[in-house]
1. Could you grab the pairs with beta carbons closer than 7 Å, sequence gap of 6+ or different chains, first residue in region 67-89 and free of Cβ contacts under 8 Å to residues at least 12 places away in the same chain and exposed (fewer than 10 other Cβ atoms within 10 Å of the Cβ), second one in a helix (DSSP H, G or I) and acidic (Asp, Glu)?
2. Just a yes or no: is a residue in region 41-50 without any contact (Cβ under 8 Å) to a residue 60 or more places away in the chain, open to solvent by less than 100 Å² (accessible area, probe 1.4 Å) and in contact with a strand residue (DSSP E or B) (Cβ under 6 Å, 6 or more places away or on another chain)?
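The values are calculated or read from the model by the stated rules, or taken from the named source; none is laboratory data. Since we're looking at a predicted model, the values are computed, not measured. In this analysis, Cβ positions are derived from the backbone assuming ideal geometry, glycine residues included, and neighbour counts consider all displayed protein chains. These area figures cover heavy atoms from the full protein model, side chains too; ligands, DNA and RNA do not enter into them. Shrake-Rupley method; radii C 1.70, N 1.55, O 1.52, S 1.80 Å.
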Amino acid sequence: MRWKGVAIGGFALAWLREHHRFTSEELGLAEASRCRPRWRARTRACYEGVKQQMAELKRTQAQLIQSTKLAAIGELAANIAHEINNPLTSVLGFASYLAEQIRPAGRCARSST
């Protein structure tokens, strides 16, 4: 038997007691029996291929889930940073304004003494 150009097995049928001429039914049975291992080999090869594809799909799915989680964490961090930066911008602006107002008064007081 050959599968994709490679020998994968053989099949033999013999009568040991006396000379025998095979009938067409017996030859049909032998032919069916000869094809069965090839069919099993093909089925096994297909099953192995499907098994490998399923394993690859599971790995890909796990990576997709992981990247989705990381994207959600990144979006959450960006939103938190935005919520913190908005009030800080106002505080920074007011602090700069106060610093400009305090410096001239402080310099005047020091220089007069």
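1. From residues that are free of Cβ contacts under 8 Å to residues at least 12 places away in the same chain and exposed (fewer than 10 other Cβ atoms within 10 Å of the Cβ), there are no pairs.
2. Within region 41-50 (the criterion being without any contact (Cβ under 8 Å) to a residue 60 or more places away in the chain, open to solvent by less than 100 Å² (accessible area, probe 1.4 Å) and in contact with a strand residue (DSSP E or B) (Cβ under 6 Å, 6 or more places away or on another chain)), the answer is yes, since at least one residue qualifies.
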